[in-house]
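The values are calculated or read from the model by the stated rules, or taken from the named source; none is laboratory data. Fair warning: this is a prediction, and the values are worked out from it, not measured in the lab. Ideal geometry is used to build each Cβ from the backbone, glycine not excepted, and the neighbour counts take in all protein chains shown.
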Amino acid sequence: MNGKSTINYFMLRANRFHKYLIQLNSFLVRYLLFLLFFWVSPVAANECNKEDQDYADSWKNYYVPEDAYAFGVKVQSLILNKDLSGVYSLVEDELKNGPKKKFVTNKSFSEVFDEEWVKKVLEDDVPCSPVGWRGFMLGNGLIWYNKLDKGWKILSINSVLEPTTTP
């Protein structure tokens, strides 16, 4: 190999390596997000304190504060990943308030939730205790959830983009 072909060879190899790194980077970002929200969240569940447990005791322990926190983190993770079907998989039957499953079936995430709504939900601290009998909320009431007989479920999704009706 002469000097010029050696440089071309290494430039080609570097270009292929660069493309590989871009693909790997995309995979690593997704993997790290997964770890952050599903593997690390049990550790982060220590966000709940004795006061949260005492409040759960007053409600006859129908919920575990760490489980409430973990479910809230799961909801935020689905919102962060713009996973509309994932969000609605946490809804039992239909929402008490918010877009019906039939409405969102053929919609993209951004057709249902605008960026300001997403920002409010993601910036909120995940609670370990309910807001009285109403359950748990994210985004100052944009999402309400609670523990039901069949586990943790989203009950209401408020202030989303309204369906438009044509006359």
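Where residues in region 105-161 are in contact with a helix residue (DSSP H, G or I) (Cβ under 8 Å, 6 or more places away or on another chain) and aromatic (F, W, Y), which of them is surrounded by the fewest Cβ atoms within 10 Å (Cβ to Cβ)?
Step by step, filter region 105-161, then rank; the result is F109.
Residue-by-condition table, conditions (1) under 17 Å from L148 (Cα atoms); (2) surrounded by fewer than 18 Cβ atoms within 10 Å (Cβ to Cβ); (3) modelled with pLDDT of 90 or more:
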position	(1), (2), (3)
Y55	no, yes, yes
K60	yes, yes, yes
Y63	yes, no, yes
A68	yes, no, yes
F71	yes, no, yes
V75	yes, no, yes
N81	no, yes, yes
L84	no, no, yes
N97	yes, yes, yes
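Looking at (1) surrounded by 13 or more Cβ atoms within 10 Å (Cβ to Cβ); (2) within 17 Å of N140 (Cβ to Cβ), can you tell me which one V91 breaks?
(2)
Residues of region 109-136 being more than 16 Å from V87 (Cα to Cα) and among the hydroxyl-bearing types (S, T, Y), which ones?
Across region 109-136, the qualifying residue is only S129.
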